[in-house]
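The values are calculated or read from the model by the stated rules, or taken from the named source; none is laboratory data. In this text the structure is predicted, and so the values were computed from the model without any measurement. Cβ: placed from backbone, ideal geometry, glycine included. Neighbour counts: every protein chain shown.
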Amino acid sequence: MADKHEMSKEDAARIQGGAAKAGGGGVEKGSFPARAQAAADKHEATAGKGGGGGQKGGGQHGAKK
């Protein structure tokens with residue numbers, strides 16, 4: 001099984017860009033690109049609070065309290 005990968009803003013932008021080009025410029029609500037953007041937003045919000053730890057915002061482990 002592949003490693004878990006958190007959706008980044010860059011990932012979501014790439015997905016949305018491809019879908020927009022293929023679909024005439026728009027991305028519909030509830031579509032895969034829209035869900036990817038929501039996942040990226042959620043990941044960014046939790047990473048900033050120390051809950052994500054994924055690729056960004058995870059450098060606080062072991063810090064003094």
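Numerical summary
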quantity: Flag if Gln60 is of a type in the set (S, T, N, Q) and either modelled with pLDDT of 90 or more or surrounded by 12 or more Cβ atoms within 10 Å (Cβ to Cβ) (or both); calculated: no
quantity: Filter result (within 16 Å of Glu44 (Cα to Cα), outside any loop (DSSP other than H, G, I, E, B) and of a type in the set (D, E, K, R)) within segment 1-16; calculated: Lys9, Glu10, Asp11
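To keep it simple, each residue is scored yes or no on (1) under 9 Å from the mean Cα position of the chain (by Cα); (2) among the polar types (S, T, N, Q); (3) part of a loop (DSSP other than H, G, I, E, B); (4) modelled with pLDDT of 75 or more.
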residue: Gly18; (1), (2), (3), (4): no, no, no, yes
residue: Ala34; (1), (2), (3), (4): no, no, no, yes
residue: Glu44; (1), (2), (3), (4): yes, no, no, yes
residue: Gly50; (1), (2), (3), (4): no, no, yes, no
